[in-house]
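Below: one structure, written as structure tokens.
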Amino acid sequence: MTHPLEVARVAKSFTMHLRDGIRLDVVRNVSFSVPAGKCVVLGGPSGVGKSSILKMLYGNYGVDSGEIRILHRGAPVDLATADPRTVLEVRRETLGYVSQFLRVVPRVSALDVVAEPLVARGTAADQARDRAATLLARLNLPETLWALPPATFSGGEQQRVNIARGFITDHTVLLLDEPTASLDARNRQVVVEMIREKKAAGTALLGIFHDEEVRDAVADEILDVSAFSAREMAA
Amino acid sequence: MSGLATYNFAYLDEQTKRMIRRAILKAIAIPGYQVPFASREMPMPYGWGTGGVQVTAAILGPTDVLKVIDQGADDTTNAVSIRAFFQKVANVEVTTRTKDATIIQTRHRIPEEKLTEGQVLVYQVPIPEPLRFLEPRETETRKMHALSEYGLMHVKLYEDIARNGHIATTYAYPVKVEGRYVMDPSPTPKFDNPKMHMSEALQLFGAGREKRIYALPPFTDVVSLDFDDHPFTVQSFEKPCALCGAEGVYLDEVVLDDRGGRMFVCSDTDYCEDRRAQGFLGDQGVPLKEAAE
Amino acid sequence: MTIEPLLKVNGLTKMYGARIGCADVSFDLWPGEVLAIVGESGSGKTTLLSCLSTRLEATSGSVEYHMRDGAYGELSRLTEAERRFLMRTDWGFVHQNPADGLRMTVSAGANVGERLMAIGHRHYGEIREAASDWLSRVEISPSRIDDQPRAFSGGMRQRLQIARNLITGPRLVFMDEPTGGLDVSVQARLLDLVRGLVHDLGLSAIVVTHDLAVARLLSHRMMVMKDGHVIEQGLTDRVLDDPREPYTQLLVSSILQV
């Protein structure tokens, strides 16, 4: 395996049983790889299957066929066929994900939400909180919010919590689903810098960015997902 | 005596006695274990000692000497009635003197005088199941006994300490027998618990309504349950018996008038009389001969 | 040391006469893993939980448990004494109705301390201290230690039940609709508490629930049951985000928001 993330001939369809079993083909023959220290951006019009690809890579969506190989503990793991326990282990140690929306857990403070992935990997709680504080400060989240659960935060504030949570670990592969969608220019710039730092550290990044400015600032390669789209096959 | 209207010796028919004796033998073989038996209707209400009476009837022989006490006293209604019952149906000799008795049927006390080899103490038991307080299901309590799951007994003692600051259970204080079965010693004061331990006498427990017999053979290890930091202790009394001056015995409170006057006297009437006969006197006591006059 | 499953379930089947309770259920549960069993009332999830926890005897199949000594014990072959010992030391069982899992007429402290007394603790002060500590951990003020659960709210009772189960440091906890009878706000607090405890203590848990939000929040993996059969299982995220079976799609589409 030459790259931390390699995708080969992946196909995905949905069968909608509640709509008379209609079958929606989403993508087919998806093949690409993400080298270490590079940021690959998924491009193409909306609805073409970009988010579905990220969700397959993270394990939220199943895969009809093909392979999703990730370098985990020095050996390739095929996430398309891995059992749940392996997927969880890969998520904990190797594969990070910054989604568009924060899944809010009641009563957990923003600081602890951010620190959690580090704690899950065995870092002491104080240390993890220090790192979390540094990141939140960098993303200009007012310190008065740190101790509060993010449920009542604005979209932009929640997104920054989410970004900090995704960037706090040194996962070797990071998936980014529109991380800058609801950020202002200043914070977008912070995220761009953070992505550059990840690249410099050798992280393989795969992202969706609708914001062209950010995309141009971070992308090493833009992959047109239209080439994999299977939508026209349906009907 | 002949004809239909006669009783068998000691009231119960021989088959019933054999059934009860088998239960007693099993109880002796498994100290502290509650043996079910086919309790009979007796010519007295439940709660008046039907269990004890059946056990006594089953072990009583023509040469036995019977003593019956109720709360330590030979002269209360229950004691008098049961004594009279056995005089009538078995024509055995009766006594109030502990040392002369071969069988002592008791409700709620163990005599102060040390029991000796050859004597049998028969307890009347209202509720034989020590776990009943917290576990109402019979199926479950049996299983708990079978598997020696006795954590619940300590829950009960824990509650006592939590509520009162000390173990406030003063009677029917649970004991563990030979390190195996937890047993309810019947509603005797915990003061008497140490007397059960390594007693030379055979101790039999009969519960008529609940249909259970259990036993402590002579020289059985009987340990009162407790916590390391709240060890088992017996009651102590501030003053000696007002009549005979005895110390280290269990005292009853006797109200003397309606102005708050009271005194504390031996609950074991035989013991008290015996001491007074020997010339011991408490601060409100009168020598026995004068009292009789 | 290689990690081995805590529980190995193979072909577990329970028949009620000719009617299926649960049929041919197989899975491994790993240390630290939380498994949710979801499905409608009557789908067999509670029957399955009862069979797993030896509260009900299975008709066929096996459940092997990784004992503390390292060996696997087939649960149906353990003696009753061994099973009951396991249930009050190494396992916990959280009932939907706290009254089924608590002694309502003894104090909170005794409820929590009972398992310690059952395994031979005989120091009142230490038992009380441990109980007090656990009350704090489930967010019940230690000042309530001498109150009976009768005086507690539903949420407090449920938290008390959890403390009562966890005091002996069990490795496996069974939960039957743990948030079933609670208000939504109380549910959230309980879920958060359970989630934290499971994580901190490295517990394995099997949680039966009909509430997919509960499953999403608590579990790593889930099994969907219908008519006694497991029709779909996998990573919780995947089952909820990409349900395959018609019934699972119906379940997921029926919830207001996960």
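The values are calculated or read from the model by the stated rules, or taken from the named source; none is laboratory data. The shown structure was predicted, so the numbers you read here are calculated from the model rather than taken from an experiment. Counting neighbours? That spans all protein chains shown, and the Cβs are built from the backbone with ideal geometry, glycine included. These area figures cover heavy atoms from the full protein model, side chains too; ligands, DNA and RNA do not enter into them. Shrake-Rupley method; radii C 1.70, N 1.55, O 1.52, S 1.80 Å.
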Just give me the residues in segment A:48-79 being touching a Gly at 6+ places or on another chain (Cβ under 8 Å) and buried (at least 21 other Cβ atoms within 10 Å of the Cβ), in sequence order. A:LYS50, A:MET56, A:LEU79
Please go through segment B:28-77 and pick out each residue that is in contact with a Pro (Cβ under 8 Å, 6 or more places away or on another chain) and either assigned to a helix (DSSP H, G or I) or modelled with pLDDT under 95 (or both). B:ILE28, B:GLY47, B:GLY72
Would you mind stating whether C:GLY109 is at the interface with chain B (Cβ under 7 Å from one of its Cβ atoms), free of Cβ contacts under 8 Å to residues at least 24 places away in the same chain and farther than 22 Å from C:LEU203 by Cα? no
Tell me, which strands (runs of 3 or more DSSP E) wholly within segment B:212-290 include 1 or more residues that are touching a Gly at 6+ places or on another chain (Cβ under 7 Å) and among the aliphatic types (A, V, I, L, M)? B:212-216
Given (1) more than 14 Å from chain B (Cβ to nearest Cβ); (2) in a helix (DSSP H, G or I); (3) under 23 Å from C:LEU48 (Cα atoms); (4) open to solvent by 40 Å² or more (accessible area, probe 1.4 Å), where does C:ILE162 come up short, assuming only one miss? (4)
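Every residue, every condition in (1) at the interface with chain C (Cβ under 10 Å from one of its Cβ atoms); (2) touching a Pro at 6+ places or on another chain (Cβ under 6 Å); (3) closer than 30 Å to C:ALA188 by Cα, yes or no:
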{"residue": "A:ALA36", "(1), (2), (3)": "no, yes, no"}
{"residue": "A:GLY43", "(1), (2), (3)": "no, no, no"}
{"residue": "A:GLY66", "(1), (2), (3)": "no, no, no"}
{"residue": "A:LEU71", "(1), (2), (3)": "no, yes, no"}
{"residue": "A:VAL77", "(1), (2), (3)": "no, no, no"}
{"residue": "A:VAL90", "(1), (2), (3)": "no, no, yes"}
{"residue": "A:PHE101", "(1), (2), (3)": "no, no, yes"}
{"residue": "A:ARG121", "(1), (2), (3)": "no, no, yes"}
In segment C:113-124, what residues are farther than 20 Å from B:ARG132 by Cα and open to solvent by less than 30 Å² (accessible area, probe 1.4 Å)? C:LEU116, C:TYR124
Please count how many residues of segment B:197-226 are over 24 Å from B:ILE127 (Cβ atoms) and buried (at least 16 other Cβ atoms within 10 Å of the Cβ). 1
Residues located in segment A:107-140, provided they are open to solvent by 40 Å² or more (accessible area, probe 1.4 Å) and in contact (Cβ under 8 Å) with a residue 12 or more places away in the chain: A:ARG107, A:ASP112, A:GLU116, A:ALA120, A:ARG121, A:ARG129, A:ARG131, A:ARG138, A:ASN140
Out of everything in segment C:133-170 that is among the small types (Gly, Ala, Ser) and within 23 Å of the chain's Cα centre (by Cα), what residue ends up being farthest from C:LEU182 (Cα to Cα)? C:GLY169
Members of segment B:152-181 that are over 15 Å from B:HIS230 (Cα atoms), surrounded by fewer than 20 Cβ atoms within 10 Å (Cβ to Cβ) and over 13 Å from the mean Cα position of the chain (by Cα): B:LYS176, B:GLU178, B:GLY179, B:ARG180, B:TYR181
